[in-house]
1. Based on the Cβ-Cβ distance of residue 198 and residue 172, what FRET efficiency does E = 1/(1 + (r/R0)^6) give at R0 = 35 Å, to the nearest 0.05?
2. Can I get the semi-axes of the range 188-326's equivalent ellipsoid? Compute them from the C-alpha gyration tensor as square roots of 5 times the eigenvalues, in angstrom, largest first.
3. Please give, to one decimal in nm, the separation of the simple spin-label points placed at residue 132 and residue 6, each 7 Å out from Cα toward the Cβ.
4. Remind me, what semi-axes does the range 173-237 give for its equivalent ellipsoid, largest first in whole Å, using sqrt of 5 times each Cα gyration tensor eigenvalue?
5. Could you give the nm distance between label points at residue 147 and residue 15, where each point is 7 Å from its Cα heading toward the beta carbon?
6. Report the FRET efficiency, 1/(1 + (r/R0)^6), for residue 286 and residue 154, where r is their Cβ-Cβ distance and R0 is 45 Å, rounded to 0.05.
7. If you build the convex hull over the alpha carbons only and average its shadow over all orientations, what do you get for the range 218-293? Give it in nm² to one decimal.
8. List the pair-distance distribution P(r) of the range 368-481, using every Cα-Cα distance, as the percent of pairs falling in each 10 Å bin from 0 up to the bin containing the longest distance, rounded to whole percents.
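What follows draws every value from the coordinates through simple rules; no lab data is involved. Since the model is a prediction, treat every value here as computed from it, not as a measurement. All Cβ positions, glycine included, derive from the backbone under ideal geometry; neighbour counts span all protein chains shown.
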Ligand code: PFF
């Protein structure tokens, strides 16, 4: 296996690894996006489809991605090169790592803008800025926060600096320390808020909104949204989990860790949904308020409720911490790649990549004001284009390639060195999902996201499936011979 120029660090324990991976998975996707897409898509039936995607597609890819990181023992680019060399496969597999490194930086560039807004709201709440707020004032507050590129840019910069400070210190002194502090804090705040939600008088309504399944409301589009979100929320498909997997020691169980990650991520998303909808219903607000749910709807509720100052501040602190533990994981694949090439120290690599990503983020900052209607791709401004490019194309593409490599290219004996199942049935489920189910599901999402109509969708699907089967057949023949 080709060596990297610097030695690879390791997590100090299995538990720390699980917390770091949960920290990566739990973020804006759980607290900001999941509740509003569940709200937009009618609640219960959507949640069931989402859960199915998480366990049937997400979990196997997560296990495969972490295992590929551990087997390749390097940053995603080098790890995929090592894995390809070890399995007599084409070096083109390195592209999977490169796709991830680039997607991570692009996501980070807009992630810090939204997270920066949450940071601004946290300080607003601390200063009593939501007191007695009505719908108009909430709208005005949001507009004034995003209208000025200077204000939004300031929070984007501040949040980016926090991220860089942690990543620059390295795996043990930076990532681990931050995670050890943030994850317990995050869980505590979540429990306090959940306790509060049960006392609003609307908790029951919130539970039935999230779990009462009315399949007549479910659309195909909702299924696609659920599948796409499963990738985003579990941080799979872009090498983050591969980078984290490289720091996993020999004795740690990847399967067990992955089950923990998936269960915790799901529980936290559901808890966040229950909290938010309890507050929304208790204040007679609109659950399907879209992306503004967090920033335009909740402050009204915090402004009206008793103790809103405390709960509002706690809530936005929760969002900031969750986003920060995800942001560091978005930067890690790129920083570890640049650092392990040997020309730059970790601090230099972090500063360089951070500055680059911060600069790209200015495009998203401007998308909320001056460039709101400057369209890049279809009717999408810079922010919407970056979101579409990464969440709808690069992540599913990464997921597909991980599944294909793990299922077909990875030789069984090599795989067994890093990945073992104590349960036969689970292993079979894993293999079947990666071989057939996952690629098909991803291809469908992909085709729908890309295609402009049914005709193109069908063409892309058919070409994709034929190419896939051809590749699988070749690998099968090579392994048999
Ligand atoms: N999983 C994070 C969230 O739900 O907010 C976002 C994310 C982090 C996506 C890291 C991808 C990633 F590699």
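1. Given R0 = 35 Å and the Cβ-Cβ separation, E is 0.35.
2. 30, 20, 14
3. Once both label points are built, they end up 5.5 nm from each other.
4. They are 30, 24, 5 Å, listed from largest to smallest.
5. 5.0 nm
6. It comes out at approximately 0.90.
7. Seen from a random direction, the Cα hull of the range 218-293 projects 6.9 nm² on average.
8. 12, 33, 28, 17, 8, 2, 0
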